[in-house]
Amino acid sequence: MGVGGCPMAASYPQLSRNCDWETTFGMKRNNFSTVNKVVHSSPAVKQPKRGLCTSLRQTQMLSALLDWGTLPHHVILRIFQYLPLVDRARASSVCRSWNEVFHIPDLWRKFEFELNQSATSYFKSTHPDLIQQIIKKHAAHLQYVSFKVDSSTESAEAACHILSQLVNCSIQTLGLISTAKPSFMNMPKSHFVSALTVVFVNSKSLSSIKIEDTPVDDPSLKILVANNSDTLRLLKMSSCPHVSSDGILCVADHCQGLRELALNYYILSDELLLALSSETHVNLEHLRIDVVSENPGQIKFHSIKKPSWDALVKHSPGVNVVMYFFLYEEEFDTFFKEETPVTHLYFGRSVSRTILGRIGLNCPRLIELVVCANGLQPLDSELIRIAEHCKNLTALGLSECEVSCSAFVEFVRLCGRRLTQLSLMEEVLVPDDRYTPDEVHTEVSKHLGRVWFPDVMPVW
């Protein structure tokens, strides 16, 4: 059946006007016109009855081969899963068979709402008509849902408006993503929390929640726990200033199946680590901690006791402890004075030689280290100490730092072939009496067992 006989043509009028799917795919209407020409012009029409039957059979076979509408539903479903929503909606207007596939529940289990203001964003936004169709017809099928919003408050409010309507769904994963600055933080907290609570209450099987850079608060987390404590496995909530250490502790106490957690350092506590280490709690697999300072010199960071870290590692020996630091040098004093089970360290701002020296002594589980800046003091002894004491180190990245060529070669020699990722700008290497930067790659390649060259800073 063509577009004119399909009910979805009326559902998406603006999309249908811009799409000529029958021309693109050579649908049944065009197929029959082509077949008629073949039949009328073919000599088989004037042949005896047996020849006419043969020609008609060939025509019917040709028609079947050219008709995309006869594709099995599971094949069309597979194709639709790769299409963006707009293209999928347009395709549903081609024929009745494609429209039937468009409404199969399997096609609506995973969906991303893109909400952008055309004046401030280059990304395409999900059409309002389609959003209403989804809420009206497919909300009950949604299981894996994400919202991608731009920097405008209007987009964040639109996302919350959709959330507040998802009352008849059973969402398993929910993600709120800000593509620019966190626009959810600019809207009234009560409005955001009210919309989020609708999902927390009505979805009884939430397993993964990513709500970073949002005004979520302690009471809404308690509602989450009350309705989804048995199913929650992943919670990412960095940069949520309205959540306290008590709020996240409530989650850890009741969600015994939690395996991945991302949060800011200010709500990390000894009590939280001990709760995650209880006998009834599953092994934690991933703990991400963002250590951020917005006001230099005004934040004094608390310390975590070594017994609390030891309890976590004893309970979850394979846990990855990932720490992102965005601090000024004078704010590092609290960290790495005692043994810390961090596995992945990223320094987004300048870090002193003193702190890197502590890392070499007190981070034996370190796997990956990235230093974006250090200043003009060579890191020779600090790197060698890290190579000697951090036996699990497999990845190193250095940017605005300085290391003598000899010290760098010695670092690689100590690490050997376990160093699977090695990235630094060629400006980092300082020539000495043993090596020049041009000679370093030969020695390093020998110790790594593969060809290696320093990175070249792009010219912008």
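Surface composition of the stretch 126-185: carbon plus sulfur atoms contribute 51% of the solvent-accessible area (1.4 Å probe, protein chains only, all chains present). Note on ASP87 and GLN256: with the Förster distance fixed at 51 Å, the Cβ-Cβ geometry gives a FRET efficiency of about 0.75. Element breakdown for the stretch 194-302 at a 1.4 angstrom probe: carbon and sulfur atoms account for 48% of the accessible area.
Kindly give Rg over Rh for the stretch 372-423, based on alpha-carbon atoms, with the Kirkwood expression for the hydrodynamic radius. That ratio is 0.94, to two decimals.
VAL292 to VAL75: FRET efficiency via 1/(1 + (r/R0)^6), r the Cβ-Cβ distance, R0 60 Å, to the nearest 0.05? Step by step, r from the Cβ atoms, then E = 0.75.
Measuring only protein heavy atoms, the 1.4 Å probe finds HIS315 accessible over about 40 Å².
Looking at the stretch 309-361, the accessible area is 40 square angstrom per residue; that uses a 1.4 Å probe and ignores ligands, DNA and RNA. Extending 7 Å from the Cα toward the beta-carbon at both GLU279 and SER194 defines two label points whose distance is 4.6 nm. Residue pairs exceeding 26 angstrom between C-alpha atoms, taken from LYS181/LYS204; LYS148/LYS300; LYS189/LYS236; LYS110/LYS210; LYS236/LYS306: LYS181/LYS204; LYS148/LYS300. Report note on the peptides 359-372, 382-395, 75-88, 276-289: ranked by the mean count of other C-beta atoms within 10 Å, highest first, their order is 359-372, 382-395, 276-289, 75-88. Judged by the gyration tensor of its Cα atoms, with axes a ≥ b ≥ c, the stretch 159-274 is oblate; a/c meets the 1.5 cut and b/c is at least as large as a/b. What does the accessible area per residue of the stretch 100-203 come to in Å², with a 1.4 Å probe and no ligands, DNA or RNA counted? On a per-residue basis, 45 Å².
With the full set of protein chains in place, find how many percent of the accessible area of the stretch 406-455 is carbon and sulfur; take the probe as 1.4 Å.
Values: 1350 of 2710 Å².
Exposed carbon and sulfur together represent 50 percent of the surface.
Stretched out straight at 0.36 nm per residue, the stretch from GLU330 to SER445 would grow longer than its current Cα-Cα span by 37.7 nm.
The values are calculated or read from the model by the stated rules, or taken from the named source; none is laboratory data. On a predicted model such as this, the values are computed, not experimentally measured, just so you know. Positions of Cβ are backbone-derived with ideal geometry, glycine not excepted, and every protein chain shown enters the neighbour counts. Areas reflect the complete protein model, heavy atoms only, side chains present, ligands, DNA and RNA absent. Shrake-Rupley method; radii C 1.70, N 1.55, O 1.52, S 1.80 Å.
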